[in-house]
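To start, the structure under review is shown below, and the notes come after it.
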Amino acid sequence: MKRIGILTSGGDCQGLNAAIRGVAKALYVKWGKDLEIYGIQDGYRGLITGEYRKMKQEDFSGILTLGGTILGTSRQPFKKMRVIEEDNVDKVCAMKENFKKMKLDCLVILGGNGTHKTANLLSEEGIPVVTLPKTIDNDVWGTDMTFGFHSAVEIATTVVDCIHTTATSHGRVFIVEIMGHKVGWLPLYAGLAGGADVILLPEIPYKLNSIVKTLEQRNKEGKNFSILAVAEGAISAEEAKLSKKEFKSARASMQYPSISYRLAAELGEATGQEIRVTVPGHFQRGGSPCAYDRVLSTRFGTAAAQLIANKDYGKMVALKGTQIIGIPLSEVAGKLKTVPVDCEEIQSGRDLGISFGD
Ligand code: F6P
């Protein structure tokens, strides 16, 4: 009998259930009745507390298009994994004990950056692990693409499209704040796809004057509206000079709910124009995966099943060009895939006259 545990960890995204289904169905095809799959509840939390259930084969049917995760998820910060807190639980020991108790052959982990640091830790502790890269941020190092990203791009683009029509009617400047955490893939893609006039990314610190010039130039050209696609992690050129600590404290004392509201106030003052802010927030992570993500999740799922069948543990499945490969967790953990400032997408935007605020 083969016994496989599976968990989803960190912020959810579209395609998690499609990926779970991909792993499970491919394993059932390989091993049929010789397979038991255990669903671990709410990510690493369930592995620590021992909350899991034996799944039935039917549990993996009808979930290809379902948003969220049938296993639940939670954020368990990596930096606290080795810290004994008030509950007096040694989390790493507890996870290893529960793995043993479940008599698992392998643990399948679906997650983003933080999740991969803990997956690597578990692998180093001797647990056979196979992982799949998920996140709307597309910032997992080692894979060209994470599942969830394209679905979120679709949603964020729809927001930019809808804002375009009302901005045009009213002759207003609109900021659409787009998720992506500390990297700019999502705002870059949604900004390009939605025809934004200004795209601000964490990787390119912005200068207020430069944005003001762009808005004024558009006014001169008779364009009475402008759309700014602003990353939630956007930073100004002045902020980029601060140390990590100084930046944190400056942001903690910022009187606006997010960077977009501060920018709206500054731009309003500098241009005298009416500036509105739209923050689609977690909407970008919700609902059904788009067709691209359904395919990618399925390919990742079946590739993960193959790694498990080959006992090729300690690896993450990744997209490299058009191929799915397995790469060692030790290479992935602790690295962030940021947007290269000289990438073709940014250059293409610049060629169109889009401002990146620099
Ligand atoms: O990592 C995915 C993500 O949606 C980021 O884009 C965003 O910064 C963060 O999660 C939000 O986290 P939470 O769901 O914990 O508010």
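The values are calculated or read from the model by the stated rules, or taken from the named source; none is laboratory data. Small disclaimer: the values here were computed from a predicted structure and weren't measured. Methodologically, a virtual Cβ is constructed for each residue, glycine included, from the backbone with ideal geometry; neighbour enumeration extends over all protein chains shown. The accessibility values were calculated without ligands, DNA or RNA, using every heavy atom of the protein model including side chains. Shrake-Rupley method; radii C 1.70, N 1.55, O 1.52, S 1.80 Å.
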Can you confirm whether the stretch 80-92 contains a residue that is surrounded by 14 or more Cβ atoms within 10 Å (Cβ to Cβ) and closer than 23 Å to A304 by Cα?
-> no
The stretch 158-184: number of residues that are under 18 Å from G15 (Cβ atoms), touching a residue at least 24 places away in the same chain (Cβ under 8 Å) and open to solvent by 20 Å² or more (accessible area, probe 1.4 Å) | 2
Matching residues, the stretch 65-78, being open to solvent by 50 Å² or more (accessible area, probe 1.4 Å) and over 14 Å from G10 (Cβ atoms) = T65, L66
Picking from T118, T131, T146, the residue that is open to solvent by less than 10 Å² (accessible area, probe 1.4 Å) and touching a His at 6+ places or on another chain (Cβ under 7 Å) would be T131
Looking at S151, is it closer than 19 Å to R285 by Cα and polar (S, T, N, Q)?
-> yes
What number of residues in the stretch 269-310 are of a type outside the set (G, A, S), open to solvent by 60 Å² or more (accessible area, probe 1.4 Å) and either within 16 Å of the ligand (Cβ to nearest atom) or more than 25 Å from V29 (Cα to Cα) (or both)?
-> 6
Does E154 qualify as being within 16 Å of the ligand (Cβ to nearest atom), in a helix (DSSP H, G or I) and either among the acidic types (D, E) or surrounded by fewer than 19 Cβ atoms within 10 Å (Cβ to Cβ) (or both)?
-> yes
What are the residue pairs meeting all of these: first residue in the stretch 338-358, first residue more than 28 Å from G112 (Cα to Cα), second residue surrounded by fewer than 18 Cβ atoms within 10 Å (Cβ to Cβ) and of a type in the set (G, A, S), Cβ atoms under 6 Å, and 6 or more apart or on different chains?
-> G357/S210
Residue by residue through the stretch 12-33, note down the ones that are open to solvent by 10 Å² or more (accessible area, probe 1.4 Å), touching a residue at least 12 places away in the same chain (Cβ under 8 Å) and either of a type in the set (G, A, S) or not assigned by TED's automatic domain parsing to the domain that holds K134 (or both).
-> A26
Can you tell me which residue among Y261, Y313, Y256 is of a type in the set (F, W, Y), outside the structural domain of S123 (by TED's automatic domain parsing) and either open to solvent by 80 Å² or more (accessible area, probe 1.4 Å) or in contact with a Pro (Cβ under 9 Å, 6 or more places away or on another chain) (or both)?
-> Y261
Which pairs do you get when a residue that is farther than 16 Å from V23 by Cβ, found in the stretch 45-69, comes within reach of a residue that is among the basic types (K, R) and buried (at least 18 other Cβ atoms within 10 Å of the Cβ), reach meaning Cβ atoms under 7 angstrom, with the pair 6+ apart or on two chains?
-> I48/K91
